[in-house]
Amino acid sequence: MVNDQDTVQRLVTANLGLARTVAARYFRHDPARDEDLVQVAYVGLVKAARRYRHGYSGGFAAYAAPTIAGEVKRHLRDHGWMVRPPRSHQDLNRRIAHALPSLTQELQRMPSRDDLARELGESPAEVAAADACDGCLRPASLDATVIAGSPSSATTLGDLLPDERSGQGEAERRVMLWAALRTLPPRDRQIVYLRYFEDLSQQSIADRVGISQVHVSRILRRTLERLHLAIGA
């Protein structure tokens with residue numbers, strides 16, 4: 001039999017602190033996100049109050065805590081990931097977070113990847129993949145402070161990202177072009193170099209290479225098409 005509304009309200013009001021305590025296990029020091037988890041925990045508390053049957057041996061708190069935790073975990077599973085990794089990596093990531101404090105105390109140092117793998121019965125590669133999930137759940141803010149060398153050189157993560165003025169795009173294009181040029185036959189590569197790096201005319205190139213100007217023109221046209229395909233232009 002479902003509890004009446006008065007009973008549900010009484011149980012919920014008396015156990016709001018329990019819901020907040022359960023939610024706090026999953027806090028990431030992000031006020032907006034953590035407040036969302038508290039609200040989700042309250043939803044779990046209401047569900048537990050509606051389903052609870054008096055006479056349960058452990059009392060309401062013992063009955064409600066797993067229900068609240070399950071509600072929070074479902075929320076994180078369904079809505080908490082900016083990039084959703086495989087479920088196995090999500091689960092292992094939580095196991096790592098649970099094992100880390102006790103293992104650190106036992107070893108008297110920060111556990112290595114191999115330490116965690118032995119403790120959890122997983123391979124180091126799986127531990128590494130699961131550990132990388134942290135950035136999927138709560139990506140770093142572009143306003144986060146980054147200290148390079150000394151506190152006086154502090155800047156933000158966003159300031160370190162390249163823009164059009166940084167020359168990063170031009171450098172990437174040069175690298176792609178150089179890689180594509182290396183795939184050309186030696187004579188074709190020489191002709192491209194003479195035309196676009198030495199700025200010679202087609203006739204001057206023809207005289208130097210020992211072919212006709214028309215042949216040089218055909219090679220350049222064919223080669224440019226090949227380079228465009230190679231670099232996705």
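Identification of helices (runs of 4 or more DSSP H) wholly contained in the range 151-233 with 3 or more residues that are at pLDDT 70 or above and polar (S, T, N, Q) yields 202-209, 213-231.
Residue under question is T21, and the condition is that it be at pLDDT 85 or above and closer than 27 Å to A97 by Cβ; does it hold? Taking the combined requirement at face value, the residue satisfies it. Residues that are farther than 11 Å from A41 by Cβ and of a type in the set (G, A, S) within the range 12-27 comprise just one, A14.
The values are calculated or read from the model by the stated rules, or taken from the named source; none is laboratory data. Bear in mind that the values here come from a model prediction, so they are computed numbers and not experimental data. No Cβ is skipped: glycine too gets one built from the backbone with ideal geometry, and neighbour counts run over all protein chains shown.
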